[in-house]
Structure formats: structure tokens, C-alpha cells
Amino acid sequence: MELNLWSIEQWYLYSLLFLAICMILYLFFGDIADGIGEGIPFFNPTVILAFLTFFSATGFIIETFTSLNSYVIAIISAIFSIVLDILMYYFILVPLKSAEVSMAYTEESLGGQVGKVIVPIPIDGFGEVVVETVNGIISKRATSYDHVSIPYDSKVLIVEVKEGTLYVREYEPLF
């Protein structure tokens with residue numbers, strides 16, 4: 001009876017293929033697993049999958065192209081994978097996590113900004129103003145703060161915001 005076991009190169013290759021499939025699945029369903037690594041950073045699924053992928057790829061390459069002992073190759077792969085994983089964590093994952101910016105804005109934060117009238121504002125009625133912010137372009141209902149009409153394409157200063165309505169006056173630059 002002969003046992004036909006896989007060679008060590010095949011183990012590295014098949015684990016690399018399996019981990020590639022896991023990475024693709026994590027790409028699509030990663031939000032479900034993101035809470036796992038909140039407390040301890042190196043238990044983050046991204047870090048673990050990256051380590052195993054680096055380990056498999058390095059092991060396969062070294063095993064294929066050298067005649068070193070398999071235990072030495074495993075140690076070299078582990079050290080190389082730890083170094084790559086640490087570099088990836090501190091230079092890619094940490095900056096990405098801190099770069100998250102909320103796209104939300106509060107109406108109170110619009111006060112003091114300059115907008116442009118896209119629907120003329122009558123004396124005692126409502127028009128529409130567009131405000132460009134870092135979050136994008138915001139279009140809001142507006143009325144005149146001084147009870148004067150404001151024509152189309154005028155620049156306006158947002159004085160205050162009440163109940164979703166911008167109270168504006170014509171913008172007069174200092175210079």
C-alpha cells in the first residue's frame with residue numbers, strides 16, 4: 001500500500017490558492033468580520049490573512065527555487081511574513097483607518113459660509129442656494145435675512161439656519 005502524499009510545494013501552492021479565495025471573500029464580506037479585530041490589532045482578519053498569504057507565497061517560491069531544508073524555509077518564510085505584515089499594518093492599515101472622514105454635516109456648520117443663489121429669493125419667500133463644502137455640493141432652501149429680494153447667481157452669506165432653512169444676505173467681500 002503506497003501513500004501518495006503531496007509535496008511541500010503543493011501544500012504551499014494549495015494553501016496560497018485557498019487563501020486567495022479567502023481574501024476575495026473577505027473583500028466582499030469583510031464588514032461582517034471587522035469588529036473582531038477592534039481590541040487587539042494583530043487579531044484583525046486582514047492582518048492574519050495577509051500573514052498566511054505572505055507565508056505561503058514565500059514558502060512556495062523558496063521551496064521551488066532552492067534546495068534548502070523545509071524547516072529552514074518555514075522559518076525564513078515566517079520571519080519574512082512577520083516583517084511584511086508589520087510594514088503593511090503600520091504603513092497601510094493604520095493610515096487608512098485614521099483617514100476615514102465622515103460625509104455628514106450639520107446644518108449649524110453651514111453658518112458663515114458663502115453660497116450661490118440658484119433660485120431667486122423673493123422679499124418674503126423662499127429660493128434656493130448652493131453651498132460647496134468639502135463634503136460636496138449642498139442645495140438648501142433659503143430666505144432673505146434682511147427681507148430683501150436676492151437675484152439669481154448672487155453670492156450670499158449664510159447668517160443662520162433654522163428648521164432646515166438658510167437665512168442669507170448678499171455677500172459683500174471686504175476687498
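The values are calculated or read from the model by the stated rules, or taken from the named source; none is laboratory data. Predicted model, so just to flag it, every value in this text is computed and none were measured. Cβ coordinates were reconstructed from backbone atoms using ideal geometry, including for glycine residues, and neighbour counts include every protein chain displayed. Heavy atoms of the whole protein, side chains included, go into the accessibility calculation; ligands, DNA and RNA do not. Shrake-Rupley method; radii C 1.70, N 1.55, O 1.52, S 1.80 Å.
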Scoring the chain by relative contact order with C-alpha pairs under 8 Å, at least six apart, yields a percentage of 14 percent
Along region 125-138, Karplus-curve 3J(HN,Hα) (6.51, -1.76, 1.60; θ = phi - 60°) to the nearest Hz, with x for Gly and Pro, reads x, 10, x, 9, 10, 10, 10, 8, 10, 5, 7, x, 9, 10
SASA check, MET23, accessible area w/ 1.4 Å probe, all protein chains in place, rounded to nearest 10 Å², comes out at 70 Å²
Of the accessible area of the chain, computed with a 1.4 Å probe and all protein chains kept, carbon and sulfur make up a percent value of 67 percent
Contact order relative to length for region 109-157, counting C-alpha pairs under 8 Å separated by 6 or more residues, stands in percent at 44 percent
Across 10 Å bins beginning at 0, the whole-percent shares of Cα-Cα pair distances in the chain come to 9, 23, 15, 11, 12, 13, 9, 6, 2, 0
Residues whose built amide H sits under 5 Å from the amide H of GLU128, excluding neighbours closer than 5 in sequence, are ILE118, VAL119, ALA142
Interchain or sequence-distant (5+) residues whose placed amide H lies within less than 5 Å of the amide H of VAL156 are GLY115, LYS116, VAL117, TYR171
Descending accessible area (1.4 Å probe), largest on the left, turns SER77, SER15 into SER15, SER77
Diffing region 111-117: the Karplus 3J(HN,Hα) column from phi (6.51, -1.76, 1.60, θ = phi - 60°), in whole Hz with x for Gly and Pro, holds x, x, 8, 9, x, 10, 6
Rounded to the nearest 10 degrees, the helix 45-65 long axis (Cα) sits at an angle to the longest Cα principal axis of the chain of 40 degrees
Each label sits 7 Å from Cα toward the beta-carbon; between LEU17 and ILE82 the label points are separated, in nm, by 3.1 nm
SASA check, TRP6, accessible area w/ 1.4 Å probe, all protein chains in place, rounded to nearest 10 Å², comes out at 130 Å²
Once LEU87, LEU166 are ranked on solvent-accessible area with the largest value leading and a 1.4 Å probe, the list reads LEU87, LEU166
Averaged per residue, the 1.4 Å probe accessible area of region 82-175, protein heavy atoms only, in Å², is roughly 68 Å²
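Could you work out the relative contact order of region 78-154? I mean the mean sequence separation of Cα pairs under 8 Å and 6+ apart, divided by the number of residues, in percent.
Reported as a whole number, the value is 25 percent.
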For region 90-175, Rg(Cα) over 2.2 N^0.38 Å is 1.36
Once both label points are put 7 Å beyond Cα along the C-beta direction, the TYR105-ILE138 separation in nm becomes 0.4 nm
Ordering TYR90, TYR12, TYR105 by the accessible surface of their heavy atoms, 1.4 Å probe, largest first, yields TYR90, TYR105, TYR12
